[in-house]
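S.K.: Questions regarding the structure given below will be posed in turn.
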């Protein structure tokens, strides 16, 4: 599978207001919200009694052998705010956010019930004695006099869009065989040795037949080696500029439109960015996973919260978008000055990563929590 530059389209636009209230046939002071009365079309949400009455909702989840542990002080209701992420909300209700699919109930009376919007009301209910979270949505609250509530924002994202985009804009990962097959910068038009915004460049390997295609220009950086088997799995790509195809041919002409540093002959061109949806549920992987962090986007040595890392595991290993992994620091081996010999210290948990983009042998993950500094070559495993 070929990798292209990743860009993220946010599923949540941070507008000034999360809801527009269209008031019908009234004047004076703004109306006050009141809980909607129970009706045949709007079910009520109350702690389940000891009776055997059936619930109006069918769960869309897998049952677990043990009750899902709730967070200390988990609220009975929570009103979703602009800027919330699903990870934030999961952490509000649950001790371990990756259990969200196990506790989520779909409300069949809501359009797109898997999506959560600012203004929605999430309720903690009990069904057959087990905790469940469901969306009673703002529409189950009415205004007096009559009013209509219209969402203006899109659904919340699972992870912070701004943090992911900021890191991905500085670099990409090229698969092992991709670098040699990508179009490359042959020369710069005019007397320039290097190219920046406003220059035109000549490129070979472009297969587009119509001008207007967008490209990202990257420099091929350090090789990425799998620490488990020492095999080359890719190269660190450094984003240097963006360009637009002006003239087709061999070589083709590309106009450099933006640049963060100068492009030079030999740099490679990635096609227009591919969107990465961020509306997914955090969950534990469906199969056992053990891998390593092989790189961090941005080139830092110590990794903290909301930094993007590259893992040496992908879809071939059973990883999927939304999977949550624990990060473990490998215990170092020290000399035992008292008993003799050497002793390997135990591994220590250092944080949590959520996978948001997968390929055959590698994946991108975002550090959601970091209890201590995380490093390249630290181990990732199923959460415990």
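S.K.: Which one of the conditions (1) over 30 Å from residue 289 (Cβ atoms); (2) under 25 Å from the mean Cα position of the chain (by Cα) does residue 195 fail to meet, given that it meets all the rest?
M.R.: Single failed check for residue 195: (2).
S.K.: Something else now. Can you pull out every residue in the stretch 70-101 that is surrounded by 20 or more Cβ atoms within 10 Å (Cβ to Cβ) and either over 16 Å from the mean Cα position of the chain (by Cα) or on the phi > 0 side of the Ramachandran plot (or both)?
M.R.: Hits for the stretch 70-101 are 80, 93, 94, 99.
S.K.: Please count how many residues of the stretch 111-120 are more than 19 Å from the chain's Cα centre (by Cα) and surrounded by fewer than 18 Cβ atoms within 10 Å (Cβ to Cβ).
M.R.: So the answer is 3.
S.K.: Yes or no: residue 315 in contact with a helix residue (DSSP H, G or I) (Cβ under 7 Å, 6 or more places away or on another chain) and closer than 24 Å to residue 280 by Cα?
M.R.: On the way: in contact with a helix residue (DSSP H, G or I) (Cβ under 7 Å, 6 or more places away or on another chain): no; closer than 24 Å to residue 280 by Cα: yes.
For residue 315, the condition - in contact with a helix residue (DSSP H, G or I) (Cβ under 7 Å, 6 or more places away or on another chain) and closer than 24 Å to residue 280 by Cα - is not met.
S.K.: In the list 231, 268, which residue meets the criterion of being touching a strand residue (DSSP E or B) at 6+ places or on another chain (Cβ under 6 Å) and farther than 30 Å from residue 113 by Cα?
M.R.: Criteria check complete, one pass: 268.
S.K.: Can you tell me which condition residue 224 does not meet? The list is (1) at pLDDT 90 or above; (2) in a strand (DSSP E or B), and all the others hold.
M.R.: (1)
S.K.: Restricting the stretch 169-192 to residues that are more than 27 Å from the chain's Cα centre (by Cα) and in a loop (DSSP other than H, G, I, E, B), which is surrounded by the most Cβ atoms within 10 Å (Cβ to Cβ)?
M.R.: 183
S.K.: What is the number of the single condition among (1) in a loop (DSSP other than H, G, I, E, B); (2) in contact with a helix residue (DSSP H, G or I) (Cβ under 7 Å, 6 or more places away or on another chain) that residue 368 does not meet?
M.R.: All conditions pass for residue 368, except number (1).
S.K.: Return yes when residue 362 is out of contact with any helix residue (DSSP H, G or I) (no Cβ under 9 Å at 6 or more places or on another chain) and closer than 14 Å to residue 381 by Cα and no when it is not. If you could, list the steps in order and put the result at the bottom.
M.R.: Details: out of contact with any helix residue (DSSP H, G or I) (no Cβ under 9 Å at 6 or more places or on another chain): yes; closer than 14 Å to residue 381 by Cα: no.
Spelling it out, it is not the case that residue 362 is out of contact with any helix residue (DSSP H, G or I) (no Cβ under 9 Å at 6 or more places or on another chain) and closer than 14 Å to residue 381 by Cα.
The values are calculated or read from the model by the stated rules, or taken from the named source; none is laboratory data. Small disclaimer: the values here were computed from a predicted structure and weren't measured. Every residue, glycine as well, gets a Cβ built from its backbone with ideal geometry; the counts of neighbours run over all protein chains shown.
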